Amino acid sequence: MMTSSSRARRSILVFSVLVLCLGAATLVMFLLRTPPDPREVPSTIVTSGEQVTTLVERVLHPSAHQDTQSRHEVLPLPGTQLRIRYSAALPVPVLYAVADAALAQGYNDANLLVSVLPPGTNQEAVLSLRALPGWKPRGAGAVLYLFQRGDQPVNLRTIAVEDRGNLADRAWSMLVQLRRSEPWQVSSQSVLRGYVVGGMSLAFILGVGFVAMAVLVAVVDLLMLWKSIREHHSGNSSGQGSRSSLQQWPHPFKAHPWMVRPGSPQAGALRHFLLVTIIFLGLYQLRFLPDAFASSLVQVQRWETEHVYGGTGDVYLAADALRSQATLTPGTVAAVCGRNHGVEAKILRYLLFPADAFPSEQVWRRAAFAIATLHEWQFYRGEFVCDGLHRPGTILQTFPHGGVLVRFSPSR
Amino acid sequence: MSVLLFCLTAMLLILEGTLFLRIAFPRLERAISLALGYPIAALLNALLFFAIDASGLRWNAGTIGMGHALLVGMLVVWLWMGQRNREDRSECFSGQAPRASMPAPRGITIFSGISWSSFQWIVVALCMISLTATFFVASTHALILPSSYIDTVSNWNLRSRAMLSAGTLLTEGVVKPQYPILLHALQIVFMLPLRGWHDTAANAATFLLSLSSFLALFLLVRRDHGAFIALVMITALTSVPLVTVHLGQGFGDIHLIQYFLLSAFLLERGIRLEDCASLALSAMLVIASAWTKLEGFYEGIGFWFLLWLGSSMIERRKIPWQVLPLFLFALPWPLFVKLHHMLLSPHNRGFEFHFSAIPLGFFYMGTEGSFGIAWYIIPFCLVILFTLRFLKILPRLPIPLLWGLLAMVFAFVIFFCTGEVSGLYNQESFHRVLLAPLLLLIEGGVIAFVEIFTNVADTTPPSS
């Protein structure tokens, strides 16, 4: 009969062989993959709409009169990368996703990448589709948005979908997709979108893996239980004196409280189930916690150095500046400009209390101050212009990410 | 200076709560009293704020300081004069003293028999790593980074700030004024010595509530089931990814859940050991949940009553009515809301069945990152536990498990059968609301498995 220590040794051996096989497969994938295209441009996963706006603002520096425009391209062919030939005076922010015809906007907004193409004449850049968490070998193509300033349009010559790379390359890509961070939007903590690998959610993959493994373990344990019951019966009928400790005990399903006892198949089955649970929970934690840890460190570093948190630009700097330069009373109102002014107005309303902050179009005429947290504003002939509105005012302070604090001249 | 004042206020609250617990529950271990001191003090503080407002006084350093000084003074005098009620309060079930303790599972013996000690130490190490990372992430968002979560800045912290400024309860001019005031009172009491609003202190005050609640749960579980089980349970609870996020800057929901978890564990203990002290403490904690968020009334007190009465009737025990008067402390807030002609819930919507929301809800539960793989494990555990209950291997289903099932059914009814379905479609509230049932199910599941393995450890083979 197998002793407990030999069972433990066997378990450790099986586990080690499994880990070694996985490691070897990963190494083979790594060695056989094709090297990345030298023209490939690095990309970042999109975690919030504000992130895209901030990037576009930071790269294009548009003023109120130089509105940003986006060009929308749908590329229906499946492939591994996009090759873009273009000419542009300014860097070109691009947003791209795997096409999904089932969704209203044509793509899944949880699987978006953002990148910046370098400026220049007759440029050629490659965007890796495989870097998209939703990418799969037989996918439905891609959707691409190019952002440009109204006065500096991009001369787009060709966009081609290319299918490049071998099987190891594709498998490696799916593995690399796991490196993509969890899209975690700090202003809305109601949901975590999770990780996507090969177009499938990691929670789903591990969940199905858990179910499969738990069922497998349950079947094996049930077979062992069945065997022990048969042995018990045969032992009873033969009346032999030397019975195993298992056989000394009553029928597994008829006696209480010895039905789940040390060494019994039932106890073993429960242990196996708990082990499988711990392993699969641990696998998800292994991905999530380092990600959350790293993202928190990055957020803290940005906050300590730039006083920026989330995708809200200079909102905290602007609030501090207004607090230091004006006495805020319950009647004081600030108008908030820009594309994210809904979210920013809510944050500013809290930071500026007892003063109030609202999106520009709601309070433009009665506001005493205006705050823009990004570049979407202009000062033109003594008037502050943003969101298509204009009013005379004075700039009190500008901020590193393009934001501005303006005191309006009293309305006549 | 701000840090010092914050620490002094926190220590005062912990002292207040601990003194109260030492007087009301003299048999409670000192460490548990200390850990539970802050969550209980948060309830006492909310009641004090409400009483001061009801008596027409304004909230300021003078009135609130006097109130707390009076409370602490009374508690100290009570303790000093030996007025502790030394008679055994636990006789409310059957006139007999409670059982000495839970059957001890010998801590780290779950995987005994296959030389599992090294495996268990690996599990302990993994739990410690997981907990450290979780609380590091949470602490950076609570203590270093500013408020950014929309629910925080447009509801919870903004209401607190407006009430601090007004020095009174506000029924107008703030969003959702019908929400109870435990968190607001807790934040404001820290602001009074700081003489103004301090965002970090406000978030730190509620983060301390999370820390102390989980510490108290750890100590309570350790007392009954050993340190290993306690560690595994706390790790399992905090391993849900959305919990990690909400521990940082989530408001309302996470604190509500913490009170539910503590109350459910003590209700289980109270019923199982026929211990009236645990039952009374459980009642106090569920009352605190009702002062934290409106859901505490129906998902907390409502289910508490259902389980308390149900288990007593099913197991044909004498119903311990002595705890009932405690619930009078939960009534002032709904009465206040009704007297001011406000709706008890800002989410009142009519009944309408949304068939299409059902697959979407299950899709979100199984594929998004909020819950990790928890919703794959829970059904499996439920099947096993119900089977073992059917076979009478598991003597009874733990209260937290039943509470979690009730809360889950309730959440499904809310999202699939009312206008709240919008919270599922736009994913604004669905995931947050499902956290309470999930965490209660995890707590109940751990207790149930421990009970099964306790039978394993305590059972010796019969002599042949």
Every residue from region B:163-205 that is more than 21 Å from B:S2 (Cβ to Cβ) and in a helix (DSSP H, G or I): B:A166, B:L182
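Give A:G282, A:G311 a once-over and let me know the one that is small (G, A, S) and either over 20 Å from A:T54 (Cβ atoms) or in contact with a Phe, Trp or Tyr (Cβ under 9 Å, 6 or more places away or on another chain) (or both). Even if it seems obvious, please write down each step before you answer.
Numbers: A:G311 fails: either over 20 Å from A:T54 (Cβ atoms) or in contact with a Phe, Trp or Tyr (Cβ under 9 Å, 6 or more places away or on another chain) (or both).
Of the residues listed, the single one that is small (G, A, S) and either over 20 Å from A:T54 (Cβ atoms) or in contact with a Phe, Trp or Tyr (Cβ under 9 Å, 6 or more places away or on another chain) (or both) is A:G282.
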What are the residues in region B:340-374 that are at pLDDT 90 or above and closer than 15 Å to B:R432 by Cβ, if any? B:G361, B:Y364, B:M365, B:S370, B:F371, B:A374
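Take B:D253 and decide whether it is acidic (D, E) and within 14 Å of chain A (Cβ to nearest Cβ). I'd like the intermediate steps shown before the answer.
Working: acidic (D, E): yes; within 14 Å of chain A (Cβ to nearest Cβ): yes.
Yes.
I need the full set of residues from region A:378-402 which are closer than 20 Å to A:Q362 by Cα and not basic (K, R), in order please.
The answer is A:Q378, A:E383, A:F384, A:V385, A:C386, A:D387, A:G388, A:L389, A:H390, A:P392, A:G393.
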Quick count over region B:22-70, residues being surrounded by 14 or more Cβ atoms within 10 Å (Cβ to Cβ), without any contact (Cβ under 8 Å) to a residue 40 or more places away in the chain and closer than 27 Å to B:L215 by Cβ, is 5
In region B:418-427, which residues are crowded, with 17+ Cβ neighbours inside 10 Å and touching a residue at least 12 places away in the same chain (Cβ under 8 Å)? B:T418, B:E420, B:V421, B:L424, B:Q427
State all residues of region A:276-307 that are more than 10 Å from chain B (Cβ to nearest Cβ) and either among the acidic types (D, E) or assigned to a loop (DSSP other than H, G, I, E, B) (or both); if no residue qualifies, say none. A:E306
Among residues of region A:308-321 being in a loop (DSSP other than H, G, I, E, B) and within 9 Å of chain B (Cβ to nearest Cβ), the residue surrounded by the fewest Cβ atoms within 10 Å (Cβ to Cβ) is A:Y309
Name the residue that is farthest from A:T80 (Cα to Cα), counting only residues in region A:175-195 that are within 9 Å of chain B (Cβ to nearest Cβ) and of a type in the set (V, I, T). A:V186
Please determine whether any residue of region A:42-64 is part of a helix (DSSP H, G or I), at pLDDT 75 or above and farther than 26 Å from A:I159 by Cβ. no
So, in region A:324-376, exactly how many residues are more than 14 Å from chain B (Cβ to nearest Cβ) and outside any loop (DSSP other than H, G, I, E, B)? 14
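Conditions (1) of a type in the set (S, T, N, Q); (2) in a strand (DSSP E or B); (3) closer than 24 Å to A:T53 by Cβ, marked per residue:
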| site | (1), (2), (3) |
| --- | --- |
| A:L113 | no, yes, yes |
| A:T121 | yes, yes, no |
| A:L127 | no, yes, yes |
| A:W172 | no, no, no |
For region B:211-230, the count of residues that are out of contact with any Leu (no Cβ under 8 Å at 6 or more places or on another chain) and under 18 Å from A:L275 (Cα atoms) equals 2
Number of the exception - B:E420 against (1) under 17 Å from B:M233 (Cα atoms); (2) within 14 Å of chain A (Cβ to nearest Cβ); (3) charged (D, E, K, R): (1)
Of a type in the set (A, V, I, L, M, F, W, C) and part of a helix (DSSP H, G or I): is that true of B:L440 in this structure? yes
For region B:354-404, which residues satisfy the criterion of being surrounded by 18 or more Cβ atoms within 10 Å (Cβ to Cβ), more than 10 Å from chain A (Cβ to nearest Cβ) and part of a helix (DSSP H, G or I)? B:A357, B:G361, B:I378, B:L382, B:L385, B:I399, B:P400, B:L401, B:L402, B:W403, B:G404
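Of the residues that sit in region B:142-154 and are within 7 Å of another protein chain (Cβ to nearest Cβ) and part of a helix (DSSP H, G or I), which one is modelled with the highest pLDDT?
Applying the first criterion (within 7 Å of another protein chain (Cβ to nearest Cβ)) to region B:142-154 yields B:144-150, B:153-154.
From what's left, part of a helix (DSSP H, G or I): B:144, B:150, B:153-154.
Details: B:I144: 93, B:I150: 86, B:V153: 89, B:S154: 88.
Per the stated criteria, the residue is B:I144.
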Of the residues in region B:192-203, those that are on the phi < 0 side of the Ramachandran plot, surrounded by fewer than 23 Cβ atoms within 10 Å (Cβ to Cβ) and of a type outside the set (V, I, T) come to B:L192, B:P193, B:L194, B:W197, B:H198, B:D199, B:A201
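If only one of B:F453, B:F410 is of a type in the set (F, W, Y), in a helix (DSSP H, G or I) and within 23 Å of the chain's Cα centre (by Cα), which one is it?
Working: B:F453 fails: within 23 Å of the chain's Cα centre (by Cα).
The conditions single out B:F410.
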Of the conditions (1) in contact with an Asp or Glu (Cβ under 8 Å, 6 or more places away or on another chain); (2) over 18 Å from B:G366 (Cβ atoms), B:H431 clears all except one; give me its number. (2)
Based on what the data block shows, is B:D199 within 21 Å of B:N45 (Cα to Cα) and either charged (D, E, K, R) or in contact with a Phe, Trp or Tyr (Cβ under 7 Å, 6 or more places away or on another chain) (or both)? yes
Listed residues B:R195, B:R222; which is among the charged types (D, E, K, R) and either touching a Lys or Arg at 6+ places or on another chain (Cβ under 6 Å) or more than 23 Å from B:R30 (Cα to Cα) (or both)? B:R195
From (1) among the hydroxyl-bearing types (S, T, Y); (2) at pLDDT 85 or above; (3) surrounded by fewer than 20 Cβ atoms within 10 Å (Cβ to Cβ); (4) in contact with a His (Cβ under 8 Å, 6 or more places away or on another chain), pick out the condition that doesn't hold for A:Y380. (2)
Does A:A345 meet the test of being under 18 Å from B:R161 (Cβ atoms) and touching a Pro at 6+ places or on another chain (Cβ under 6 Å)? yes
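Would you point out the residue of region B:12-61, among those that are touching a Lys or Arg at 6+ places or on another chain (Cβ under 6 Å) and assigned to a helix (DSSP H, G or I), that is nearest to B:M74 (Cα to Cα)?
To start, the set of residues in region B:12-61 that are touching a Lys or Arg at 6+ places or on another chain (Cβ under 6 Å) comprises B:23, B:26, B:33.
Narrowing further to those that are assigned to a helix (DSSP H, G or I): B:23, B:33.
Numbers: B:I23: 11, B:S33: 18 Å.
Out of the qualifying residues, it is B:I23.
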Out of curiosity, is A:F379 more than 28 Å from the chain's Cα centre (by Cα), in a loop (DSSP other than H, G, I, E, B) and free of Cβ contacts under 8 Å to residues at least 40 places away in the same chain? no
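The values are calculated or read from the model by the stated rules, or taken from the named source; none is laboratory data. Note that this is a predicted model, so its numbers are computed, not measured. Backbone-built Cβ (ideal geometry, glycine too); neighbour counts: all protein chains shown.
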